[in-house]
Amino acid sequence: MSVPLLDVPAQNAPYQEELLDAFKRLVASGQFILGKEVELFEKQVADYYGNAVYALGVSSGTDALLVALMSLGIGEGDEVICPSFTFFATAGSIARTGATPVFCDCLEETFQIDWESAKGCLSEKTKAVIPVHLFGQSVDMAACEAFANEHGLAVIEDCAQSMGARYEGALCGSMGAFGALSFFPSKNLGGLGDGGMVLAQSEELYDIALKMRNHGMHPRYYHDFIGGNFRLDALQAAFLSIKMRDFDVSLSKRASNAAFYQAHLCDVEGLVLPVDSPSAPHTWNQFTVRVLNGQRDGLAEHLRSAGIGSAVYYPVALHQQACFGEWDSPVALPITEKLCGEVLSIPIYPELTEGQLAAVVAALRSFFRV
Ligand SMILES: *Cc1c(COP(=O)(O)O)cnc(C)c1O
């Protein structure tokens, strides 16, 4: 049985009719940029957050991070701390403002930012920190808050992989000055293209971000500052709005898939399973295992030949990327570098059938001969 890492058509199939109806409605309306559909979707997301945030639809998760940084006035001469073990966009968006990303290490057990290591990254230029809720699980936000408060830093939560995740009951994205969501098709809420959302904690920051999304323009053709075109398409908002209704159901399917793996793989030696936590319950955007003893690439190849998809998130740490070569991290990053050689993500998407889950388990077990 073949099991892809992700099955986007299977995820959208139940919504086919509704999506096509929305498409027809939008084509007839001719209203493609922002407008009512985007406002309705923003309201739906703000409601999901218990109206603890202001929600602003933007063109992608990357642009959500960029809008947040630009709205805080971060740029040339500033430093922003972020983990090295994350997707490129976290650091790329910092660098695009003219600021310098300063990379810290992460924790082996949870893959999340190591706050001890972050301390070593501080300088008088540090303006903000971006905790990344990696793979679907919240960062230790109590530690984040203590760190940010002690050093007077703004917090931008990168929630691209973790919409719906919580820390001590609070939704990711509602704890920092800003949160950034992504609706890339592989994320917890996947669109039919690119999309993202800025979550702002205060009305003041929301107002700045709102203008930033549209060239810093307000009123029309008057620009107090330089923004960009970071607008969300009406079509995308309409599609996302349809899928949003079942969002919590999709998260519970991810959780039961993860529970299946935990139950059937916990005894495999040489394989370290991801950990859940009562204070930070996982939303399982990825199910990322660590493969010990240099066997990761062998396991990936074994799965491939059994028709099972897998991927390495991430094979190269950000501090080792050619484009960031000029910036030496002030701290060593041994855990990040080790994880790049050990991690492997296996299929976890909500639409997996029991047969597919069993096939993944069987292929994994046969590699370890158990
Ligand atoms: C996907 C992702 C982003 C960027 O989101 P896009 O919508 O693809 O631009 C940013 N940060 C992390 C951690 C991501 O996984």
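Just a few scattered comments:
- Filtered residues of segment 258-280 (kept if closer than 23 Å to D7 by Cα and assigned to a loop (DSSP other than H, G, I, E, B)): L273, P274
- Within segment 20-30, the set of residues being in a helix (DSSP H, G or I) and surrounded by fewer than 18 Cβ atoms within 10 Å (Cβ to Cβ) comprises L20, D21, F23, K24, R25, V27, A28, S29.
- Test: residue in segment 31-44 that is closer than 20 Å to Q236 by Cα, open to solvent by 20 Å² or more (accessible area, probe 1.4 Å), in a strand (DSSP E or B) and touching a residue at least 40 places away in the same chain (Cβ under 8 Å): yes
- Any hit, segment 198-217, residues being within 16 Å of the ligand (Cβ to nearest atom) and on the phi > 0 side of the Ramachandran plot: no
- Scanning segment 281-304 for residues that are outside any loop (DSSP other than H, G, I, E, B) and in contact with a Pro (Cβ under 9 Å, 6 or more places away or on another chain) returns F287, T288, V289, R290.
- Which numbered condition R304 misses (of (1) within 27 Å of P185 (Cα to Cα); (2) within 20 Å of the chain's Cα centre (by Cα)): (2)
- If the condition is being in contact with a Pro (Cβ under 9 Å, 6 or more places away or on another chain) and surrounded by 20 or more Cβ atoms within 10 Å (Cβ to Cβ), then segment 94-114 contributes I94, V102, F103, C104, D105, C106, T110, F111, Q112, I113, D114.
- Taken together, the criteria exclude I226 from residues that are within 11 Å of the ligand (Cβ to nearest atom) and either free of Cβ contacts under 8 Å to residues at least 60 places away in the same chain or in contact with a Cys (Cβ under 6 Å, 6 or more places away or on another chain) (or both).
- Filter result for S345 (open to solvent by 40 Å² or more (accessible area, probe 1.4 Å) and either out of contact with any Gly (no Cβ under 8 Å at 6 or more places or on another chain) or in a loop (DSSP other than H, G, I, E, B) (or both)): no
- Members of segment 284-301 found to be at negative phi and over 26 Å from the mean Cα position of the chain (by Cα), listed by number: Q295, G298, E301
- Selection of segment 86-100 for residues being within 10 Å of the ligand (Cβ to nearest atom) and not in a loop (DSSP other than H, G, I, E, B) yields F88, A89, T90, A91, G92, S93.
Matching residues to (1) of a type in the set (A, V, I, L, M); (2) more than 21 Å from V132 (Cβ to Cβ):
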residue: E42; (1), (2): no, yes
residue: A46; (1), (2): yes, yes
residue: V53; (1), (2): yes, no
residue: L56; (1), (2): yes, no
residue: G61; (1), (2): no, no
residue: L65; (1), (2): yes, no
residue: G73; (1), (2): no, yes
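- Given (1) farther than 18 Å from M197 by Cβ; (2) part of a loop (DSSP other than H, G, I, E, B); (3) open to solvent by less than 20 Å² (accessible area, probe 1.4 Å); (4) within 16 Å of the ligand (Cβ to nearest atom), number of the condition C121 does not satisfy: (4)
- Pairs with Cβ under 6 Å, 6+ apart, first in segment 240-266 and among the β-branched types (V, I, T), second surrounded by fewer than 19 Cβ atoms within 10 Å (Cβ to Cβ): I242/Y15; I242/E18
- Residue in segment 65-85 that is closer than 25 Å to H282 by Cβ, of a type in the set (V, I, T), open to solvent by 30 Å² or more (accessible area, probe 1.4 Å) and not in a helix (DSSP H, G or I) present: no
The values are calculated or read from the model by the stated rules, or taken from the named source; none is laboratory data. If you're wondering where the values come from, they're calculated on a predicted model, not measured in any experiment. Ideal geometry is used to build each Cβ from the backbone, glycine not excepted, and the neighbour counts take in all protein chains shown. Keep in mind that these areas ignore ligands, DNA and RNA; they rest on the heavy atoms of the full protein, side chains included. Shrake-Rupley method; radii C 1.70, N 1.55, O 1.52, S 1.80 Å.
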